[in-house]
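Below is one structure; the comments refer to it alone.
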Amino acid sequence: MSNDDKLVIRAGETAHGQFPLDLTPERAGWTFSGLKVLELPAGGSQELATGDDEALVLPLSGGCTVEAEGVSYALTGRPDVFSEVTDYLYVPRETTVTITSARGGRFALPTARATRRLEVSYRPATDVVVALRGAGSATRQVNNYALGNDVETDHLLACEVITPGGNWSSYPPHKHDVHSDVERELEEIYLFEVREGRGGPGFAFHRTYGTAERPIEVSEEVRTGDVVLTPHGFHGPSMAAPGYDLYYLNVMAGPATDGKWLMTDDPAHHWIRETWDAQDTDPRLPMTRPAGPAPSTKDAQ
């Protein structure tokens with residue numbers, strides 16, 4: 001159920017050429033956030049000009065080589081999003097890149113409209129900050145790529161969340177649609193992937209809802225390749241059906257350039273956080289992690 005069909009984009013709806021997903025800010029109906037997914041066969045290649053956008057090249061499966069400004073960057077990538085975190089590349093606006101994959105793969109290209117032109121920056125998987133958020137059946141894993149670390153971007157924030165089957169994430173419901181001391185105005189994209197079960201493809205559910213002043217309503221089943229747009233309002237939970245692990249990539253951007261993700265909970269459900277102190281984190285997590293120290297737990301955000 002959705003009061004705006006434009007907020008739910010089903011897998012393949014924007015597909016063309018080697019892009020199963022091509023979501024621009026104009027298609028989303030807002031100003032900053034965008035996302036492409038590039039799928040390459042073995043030996044395949046794609047040239048891409050960033051134009052007014054800054055971007056990440058973030059492998060979802062497989063590895064690639066990225067040619068940018070006369071330099072070749074080799075991304076090791078990963079088998080899939082449920083197995084490992086990945087290395088990645090930041091690409092500034094007004095840059096042409098060529099992405100080539102010897103063995104083939106799928107590559108997410110989170111984007112944001114940018115004013116400053118920064119430097120190309122390669123980041124190894126060991127730089128990815130992994131955190132466990134929540135507790136009990138609300139435990140989920142957050143892998144930070146352009147968020148909560150020293151990766152410099154102009155407007156772009158990006159992370160991925162892994163939720164074991166039966167758990168809830170993006171919970172308690174929260175929002176970030178105004179600029180204040182405790183909140184940032186951020187347009188958010190959810191790209192979902194659900195791990196297959198014994199009988200085939202899995203599914204999950206997602207909820208977004210608004211206020212009396214700014215109504216919005218999304219309550220939808222989601223499957224691999226589906227996208228949900230959150231222009232404003234409280235979003236969450238994202239619910240992984242029992243037996244099916246859930247992944248989503250979050251792409252966020254807004255007018256601020258301070259790189260902060262600040263949000264406020266729905267006051268009716270904020271008390272849920274108090275229950276986490278008496279619960280253990282789900283032992284199925286972390287599901288993926290780089291080499292290094294154990295992830296932090298029960299993150300307050």
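The values are calculated or read from the model by the stated rules, or taken from the named source; none is laboratory data. Worth saying up front: this structure is predicted, and the values here are computed from it rather than measured. Here the Cβ is made from the backbone with ideal geometry for all residues, glycine too, and neighbour counts use every protein chain on show. When the accessible area is computed, the model is the full protein with side chains, heavy atoms only, and any ligands, DNA or RNA have been set aside. Shrake-Rupley method; radii C 1.70, N 1.55, O 1.52, S 1.80 Å.
Tabulated results
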item	result
Residue count for the range 1-59, restricted to those that are free of Cβ contacts under 8 Å to residues at least 12 places away in the same chain and outside any loop (DSSP other than H, G, I, E, B)	3
The range 191-218, subset in a loop (DSSP other than H, G, I, E, B) and small (Gly, Ala, Ser), residue nearest to THR24 (Cα to Cα)	GLY210
Filter result (outside any loop (DSSP other than H, G, I, E, B) and surrounded by 15 or more Cβ atoms within 10 Å (Cβ to Cβ)) within the range 253-279	ALA253, THR264, ASP265, ILE272, ARG273, TRP276
Subset of the range 1-48 [within 21 Å of ALA68 (Cβ to Cβ) and surrounded by fewer than 14 Cβ atoms within 10 Å (Cβ to Cβ)]	GLY17, GLY43, GLU47
Check on SER72, assigned to a loop (DSSP other than H, G, I, E, B), out of contact with any Gly (no Cβ under 7 Å at 6 or more places or on another chain), polar (S, T, N, Q) and over 23 Å from LEU23 (Cβ atoms)	no
Tally, over the range 77-107, of residues that are assigned to a loop (DSSP other than H, G, I, E, B), of a type outside the set (Lys, Arg) and open to solvent by 40 Å² or more (accessible area, probe 1.4 Å)	6
Single condition LEU89 does not satisfy, out of (1) under 22 Å from ALA253 (Cβ atoms); (2) touching a residue at least 60 places away in the same chain (Cβ under 8 Å)	(2)
Count of the range 166-183 residues which are surrounded by 21 or more Cβ atoms within 10 Å (Cβ to Cβ) and either at pLDDT below 95 or not in a strand (DSSP E or B) (or both)	5
Test: GLU188 is of a type in the set (D, E, K, R), modelled with pLDDT of 95 or more, over 30 Å from GLU69 (Cα atoms) and not in a loop (DSSP other than H, G, I, E, B)	no
All positions within the range 219-252 that are open to solvent by 30 Å² or more (accessible area, probe 1.4 Å), more than 16 Å from ASP5 (Cα to Cα) and not in a loop (DSSP other than H, G, I, E, B)	MET239
Selected residue (criterion: least open to solvent (accessible area, probe 1.4 Å)) from residues of the range 116-165 that are part of a loop (DSSP other than H, G, I, E, B), over 16 Å from PRO92 (Cβ atoms) and of a type in the set (S, T, N, Q)	THR139
